[in-house]
Protein chains: 2
Amino acid sequence: MITVLCGGVGGSRLMRALANVLAPERLTAVINTGDDAWFHGLYVSPDPDIVTYALAGHVDAARGWGLHDDTFRWNAAIGRFGHETWFQIGDRDLATHVHRTRLLREGATLSQAMTDIARAFGVRSRLLPMSDDRVRTVVETDAGDLPFQRYLVERHAQDAVRGVRYDGAANAVPAPGVLEAIAEAEAIVVAPSNPIGSIGPILSVPGVRDAVSSSRATRVAVSGIIGGRSLQPPAGEMLAGMGYTVDVAGVAAYYAGLIDTLIIDEADAALAAAVQACGLRARVTPTLMRDASAGAALARVALAAAGVVP
Amino acid sequence: MITVLCGGVGGSRLMRALANVLAPERLTAVINTGDDAWFHGLYVSPDPDIVTYALAGHVDAARGWGLHDDTFRWNAAIGRFGHETWFQIGDRDLATHVHRTRLLREGATLSQAMTDIARAFGVRSRLLPMSDDRVRTVVETDAGDLPFQRYLVERHAQDAVRGVRYDGAANAVPAPGVLEAIAEAEAIVVAPSNPIGSIGPILSVPGVRDAVSSSRATRVAVSGIIGGRSLQPPAGEMLAGMGYTVDVAGVAAYYAGLIDTLIIDEADAALAAAVQACGLRARVTPTLMRDASAGAALARVALAAAGVVP
């Protein structure tokens, strides 16, 4: 079993790539739910849905989120009632949220809902939320404390970051199977997701960080920062706001003590020594998953670095 | 004030026609909510929405329900999760149900939600549910007891009707303003809606029938049965199942003691005597609202029969 800690876009792309080079059943994803939010009375779970849709082959590749060829007619219509429409939910995507909300209201846990939705999409990997409890990533900015989606989607990550909190984490419990998936993993892969915005919430759930750092599995992370920029906003902004350099050295510093190897892009080869200075091995390879072939190549490098035979 | 008892398609068309010949503010609709149902965790209120959309000029004229030019992408998508998709809800229409469900979950009454939605659509008439309590129209058939929408939409009114119940009616209370709207009306108009399926539930709420029959206003009904057939299913099937003839005489028998005048179509002129035998006046006029002009003509006849000066 390969256990992948992952967020949304970057995480989903690496999960898809891994599922292309080994049996999808060998993969367990522990997914960030710190961005989850109620919109219009519906429970929206952005990162798990992106991973589900990507593994099912239904994700909108251009946007990186949502279902391909979706329309946004209901989302425009809700504006008539005075509701905010900045958080775009597609018409077909909405069915997932309506279904999940119904399951949760009927008493299902987030884990159960996630499993049900993944099965409906034919996903063969195991998808786990980091916790069944509510943990909210809050970005502390000059404009005040902002829930993650509001900071990123509504305000376009324009506000200077002063801090990041994971509200509710202290009292959260890892979802069933999470600690086991980490403890019993053959390898642990940290996806090229937003370190503070997507991986940080997972690590904030009591017990998860210790499980990773004490795991006997080889632990490999892929940097989502390439050439001093994040592939997806707002990883760079959040690293900078928290005092890290926005480069692979900053990523290495954030993951120091947690992982064994950081996979960095060829563009950052010159920073390999800085990565090593954080106590990590650096593995240099092309990391941009431009297409399925590039993704598969990266997945093979990550697995090799973790000592996994596909 | 003109108070209109109405259901969905027929009711909405007469409301629209009335609003075209007098100030919409003079109209109060008391609307059937016996077809209301929870679908996919959302509270759907078919008749009030049809009336709202029609008055706003947004109803799909061909279907008679829903919003014009709507799509049904979310409805198809919910099928992936194993849910029934026979009750078609459009993508833009869905926003109304999401909004209403949220209001209800936040503690709003059905009346408050209906007022809010009507205002959002710019409706200037007053729309009242028959009750804020749940009343469910159940059709007793050879195939068992069926909620109204299941009987009509899923099973196409194909099952022989043995009886009709209004579950919850005994303990329901008229919505705020309903009894006053009836007692203080200048005229009461019963729309050409399904007598047993749409008007019956309104009359089943304790106090409503008495308020109508004891009102000093002139009470006029428009027959939705023309030439022995109902304009919309399943009014005929339900009348027949309950032992009424499927013609204007059957409608007159159902409304006997409640109203003063039944407006019947020219095609049924020969049955005027049968209507009068039920103690009602019969007013013969074209009743098909083929277009706005025909609707306006019918509205003027109904108002004249009620002694109202537009």
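The values are calculated or read from the model by the stated rules, or taken from the named source; none is laboratory data. Computed from a predicted structure; not experimentally measured. Every residue, glycine as well, gets a Cβ built from its backbone with ideal geometry; the counts of neighbours run over all protein chains shown.
Assorted remarks:
- Among the candidates A:Arg216, A:Arg165, residue that is among the basic types (Lys, Arg), farther than 22 Å from A:Asp35 by Cβ, surrounded by fewer than 23 Cβ atoms within 10 Å (Cβ to Cβ) and out of contact with any helix residue (DSSP H, G or I) (no Cβ under 6 Å at 6 or more places or on another chain): A:Arg216
- Residue match in segment A:170-186 (condition: surrounded by 19 or more Cβ atoms within 10 Å (Cβ to Cβ), assigned to a strand (DSSP E or B) and either within 18 Å of the chain's Cα centre (by Cα) or modelled with pLDDT of 95 or more (or both)): yes
- Residues being away from chain B (no Cβ under 13 Å), surrounded by 23 or more Cβ atoms within 10 Å (Cβ to Cβ) and not aliphatic (A, V, I, L, M) - total across segment A:37-77: 4
- Looking across B:Pro176, B:Pro206, one residue alone is closer than 20 Å to B:Thr33 by Cβ, in contact with a Leu (Cβ under 9 Å, 6 or more places away or on another chain) and not hydrophobic (A, V, I, L, M, F, W, C). It is B:Pro176.
- Top-ranked residue in segment A:122-133 [being surrounded by fewer than 19 Cβ atoms within 10 Å (Cβ to Cβ) and farther than 23 Å from A:Gly197 by Cα; ranked as farthest from the other protein chains (Cβ to nearest Cβ)]: A:Arg124
- Filter pass, B:Val164 being aliphatic (A, V, I, L, M), part of a strand (DSSP E or B) and touching a strand residue (DSSP E or B) at 6+ places or on another chain (Cβ under 8 Å): yes
- Selection within segment B:93-103: residues that are among the aliphatic types (A, V, I, L, M) and free of Cβ contacts under 8 Å to residues at least 24 places away in the same chain. The member of this set that is nearest to the other protein chains (Cβ to nearest Cβ) is B:Ala95.
- Of all the criteria given as (1) at pLDDT 95 or above; (2) surrounded by fewer than 21 Cβ atoms within 10 Å (Cβ to Cβ); (3) within 19 Å of the chain's Cα centre (by Cα), the one not satisfied by B:Phe87 is (1).
- In this structure, A:Ala77 qualifies as within 30 Å of B:Arg119 (Cβ to Cβ) and either without any contact (Cβ under 8 Å) to a residue 24 or more places away in the chain or assigned to a loop (DSSP other than H, G, I, E, B) (or both).
- No other residue among B:Thr137, B:Thr109, B:Thr115 is among the hydroxyl-bearing types (Ser, Thr, Tyr), touching a residue at least 12 places away in the same chain (Cβ under 8 Å), surrounded by fewer than 23 Cβ atoms within 10 Å (Cβ to Cβ) and more than 14 Å from chain A (Cβ to nearest Cβ) apart from B:Thr109.
- Scanning segment B:78-92 for residues that are farther than 16 Å from A:Asn75 by Cα and either more than 8 Å from chain A (Cβ to nearest Cβ) or of a type outside the set (Lys, Arg) (or both) yields B:Ile78, B:Gly79, B:Phe81, B:Gly82, B:His83, B:Glu84, B:Thr85, B:Trp86, B:Phe87, B:Gln88.
- Taken together, B:Asp116, B:Asp69, B:Asp93 contain a single residue that is assigned to a loop (DSSP other than H, G, I, E, B) and not hydrophobic (A, V, I, L, M, F, W, C), which is B:Asp69.
- The number of residues in segment A:140-160 being in contact with a Leu (Cβ under 9 Å, 6 or more places away or on another chain), free of Cβ contacts under 8 Å to residues at least 40 places away in the same chain and either within 14 Å of another protein chain (Cβ to nearest Cβ) or hydrophobic (A, V, I, L, M, F, W, C) (or both) comes to 1.
- Residue in segment B:121-130 that is part of a helix (DSSP H, G or I), out of contact with any Asp or Glu (no Cβ under 9 Å at 6 or more places or on another chain) and either under 30 Å from A:Thr115 (Cα atoms) or not aliphatic (A, V, I, L, M) (or both) present: no
- Screening B:Asp291, B:Asp265, B:Asp260 for residues that are acidic (Asp, Glu) and out of contact with any strand residue (DSSP E or B) (no Cβ under 6 Å at 6 or more places or on another chain) leaves exactly one candidate, B:Asp291.
- Among the candidates B:Ala267, B:Ala299, the residue that is of a type in the set (A, V, I, L, M, F, W, C) and under 22 Å from B:Ile2 (Cβ atoms) is uniquely B:Ala299.
- Only residues that are more than 14 Å from the chain's Cα centre (by Cα) and not aliphatic (A, V, I, L, M) were counted in segment A:36-55, giving 5.
- Residues in segment B:45-66 that are closer than 26 Å to B:Arg290 by Cβ and either of a type in the set (S, T, N, Q) or assigned to a helix (DSSP H, G or I) (or both): B:Pro46, B:Asp47, B:Pro48, B:Asp49, B:Ile50, B:Val51, B:Thr52, B:Tyr53, B:Ala54, B:Leu55, B:Ala56.
- Considering segment A:187-202, and only residues there that are small (Gly, Ala, Ser) and not in a loop (DSSP other than H, G, I, E, B), the residue that is nearest to A:Ala19 (Cα to Cα) turns out to be A:Ala187.
- Selection count, segment B:261-308, where residues are of a type in the set (A, V, I, L, M), surrounded by fewer than 19 Cβ atoms within 10 Å (Cβ to Cβ) and in contact (Cβ under 8 Å) with a residue 60 or more places away in the chain: 3
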